[in-house]
Amino acid sequence: MLDTYNMLRVLLLSFLFLVPVLPGAMAADGFVSVIEDLPLMEGLTENENAAVTFDSAGGRIAEAEARGNADPADVRRFYADVLPQLGWQAVSDGLYERERERLKLAIEADGAGGTVIGFSVSPQTP
C-alpha cells in the first residue's frame, strides 16, 4: 500500500504529465512579428517573408500572413474571443478598432484543409 509521500508523488507526476495535453493549455504559440501585441493562434505559422511594416505621420501600417491546419471558423472564434481582451472592439466581421488603429483580418480556407489569414493594421480614417 502507498504511504502518503508516495501517493503525493504519484499525484504530482500525473498532474505534470496531464497539463501539457489539456485543450487550451497554450492559447497561442507566439505573436505576429510586425504586430507585436497580436497573438498568433496555436497551430498557425507566420509567413515572415510576407510581413511588412512602416510608420507614417498618421500611425503605423503593418501587414502579415499566417497559415495552418485550422478550420476558418475556429480561427474566427479565437480572434473574436481574444481581441476584445486586448482592447480591440469589433466593428464588423473581421474588422476591429482600438484607439486610433484599425485591424482587418482576412480569414479564408486555403483549399488544402487549412486556413490562411491576413492581418492588416492601419490608422483609422476620420
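Laboratory data are not the source of any read-out in this text; all were calculated from the coordinates shown. Here the structure is a predicted model, which means the values were calculated and not measured. Cβ placement follows ideal geometry from the backbone for every residue including glycine, while neighbour counts extend to all protein chains displayed.
Report the paramagnetic label zone for residue 37: residues of segment 79-123 whose backbone N is under 16 Å from a point 7 Å from Cα along the Cα-to-Cβ axis. It comes to 82-90, 96-104, 120-123, nothing else.
Distance between the pseudo-spin-label points of residue 85 and residue 104 (7 Å out from Cα toward the beta carbon): 2.7 nm.
Distances between placed amide hydrogens fall under 5 Å for residue 30 paired with 40, all partners being 5 or more residues away or on another chain. Here the simple spin-label model places points 7 Å from the Cα toward Cβ, and for residue 45 and residue 122 these points are separated by 3.0 nm.
According to the Kirkwood relation over distinct C-alpha pairs, the hydrodynamic radius of segment 28-123 is 13.4 Å.
Placing +1 on the Cβ of every Lys and Arg and -1 on the Cβ of every Asp and Glu, with nothing else charged, gives segment 28-123 a dipole about its Cα centre of roughly 280 debye.
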